[in-house]
1. Select from region 107-124 the residues that are part of a loop (DSSP other than H, G, I, E, B), at negative phi and crowded, with 17+ Cβ neighbours inside 10 Å and list them in ascending order.
2. Output the residue which, of all residues in region 67-106 that are of a type in the set (A, V, I, L, M, F, W, C) and surrounded by fewer than 20 Cβ atoms within 10 Å (Cβ to Cβ), is nearest to ALA24 (Cα to Cα).
3. Looking at region 71-90, I want the residues that are in a loop (DSSP other than H, G, I, E, B) and have a partner that is basic (Lys, Arg) and open to solvent by 50 Å² or more (accessible area, probe 1.4 Å) with Cβ atoms under 9 Å, at least 6 apart or on another chain. Which pairs are those?
4. Go through (1) surrounded by 18 or more Cβ atoms within 10 Å (Cβ to Cβ); (2) in a helix (DSSP H, G or I) for GLU6 and report which single condition fails.
5. Please work out which one of (1) of a type in the set (A, V, I, L, M); (2) at positive phi; (3) surrounded by 14 or more Cβ atoms within 10 Å (Cβ to Cβ) is the condition MET34 fails and give its number.
6. Among (1) touching a helix residue (DSSP H, G or I) at 6+ places or on another chain (Cβ under 8 Å); (2) aliphatic (A, V, I, L, M); (3) farther than 16 Å from SER99 by Cβ, which single condition is LEU20 missing?
7. Quick one: which residue in GLY42, GLY55 is of a type in the set (Gly, Ala, Ser), open to solvent by less than 60 Å² (accessible area, probe 1.4 Å) and either touching a strand residue (DSSP E or B) at 6+ places or on another chain (Cβ under 9 Å) or not in a strand (DSSP E or B) (or both)?
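The values are calculated or read from the model by the stated rules, or taken from the named source; none is laboratory data. Because the structure is a prediction, the values reported are computed rather than measured. Positions of Cβ are generated from backbone atoms using ideal geometry, with glycine treated the same way; all protein chains shown enter the neighbour counts. The protein model used for the area step is the full one, side chains on, heavy atoms only, and it has no ligands, DNA or RNA in it. Shrake-Rupley method; radii C 1.70, N 1.55, O 1.52, S 1.80 Å.
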Amino acid sequence: QVQLVESGGGLVQAGGSLRLTCAASGRAFSTYVMGWFRQAPGNERDFVAAISRSGGSTVYGTSVKGRFTISRDNAKNTVYLQMNSLKPEETAVYYCARSPCISATMNFRAYDYWGQGTQVTVSS
């Protein structure tokens, strides 16, 4: 059974940084694309970043390019999201997800397993 568990969320001031971690259980972690999404109250779930199976290719949402970095450690079954220069409007629940697609994708329908999410609050 696949489980994705996010951690690392919290309260940070605008301009600050956080590093989110997603630990995956189950087999063959390295054969799946991994992604991060976020959802604020009343909003749709938005794509943040995705990383290919090997980690050699990444895709970012337009608003986070240059500030966020997604990475993975296949030996540890873990994916990370380093978030810098955070803005108050990025307050949301951040979700980790797994996709069986061949390449990194921003399409949330391509992801079949999701974590419970971790709250990120950015104060102004």
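1. Taking region 107-124 as the starting set, the residues that turn out to be part of a loop (DSSP other than H, G, I, E, B) are 107, 111-112, 115-117, 124.
Next, only the ones that are at negative phi stay: 107, 111-112, 115-116, 124.
Answer for region 107-124, where residues must be part of a loop (DSSP other than H, G, I, E, B), at negative phi and crowded, with 17+ Cβ neighbours inside 10 Å: TYR111, GLY115.
2. The initial filter retains those residues of region 67-106 that are of a type in the set (A, V, I, L, M, F, W, C), namely 68, 70, 75, 79, 81, 83, 86, 92-93, 96-97, 101-102, 104, 106.
Going one step further and asking which of them are surrounded by fewer than 20 Cβ atoms within 10 Å (Cβ to Cβ), we end up with 75, 93, 101-102, 106.
Values: ALA75: 11, VAL93: 18, CYS101: 17, ILE102: 19, MET106: 19 Å.
Looking at the filtered set, the residue picked out is ALA75.
3. Note: pairs meeting the criteria are ASN74/ARG53.
4. Checking GLU6 against (1) surrounded by 18 or more Cβ atoms within 10 Å (Cβ to Cβ); (2) in a helix (DSSP H, G or I), the one that fails is (2).
5. In the conditions (1) of a type in the set (A, V, I, L, M); (2) at positive phi; (3) surrounded by 14 or more Cβ atoms within 10 Å (Cβ to Cβ), MET34 misses (2) alone.
6. (1)
7. Values: GLY42 fails: open to solvent by less than 60 Å² (accessible area, probe 1.4 Å).
From the options GLY42, GLY55, the qualifying one is GLY55.
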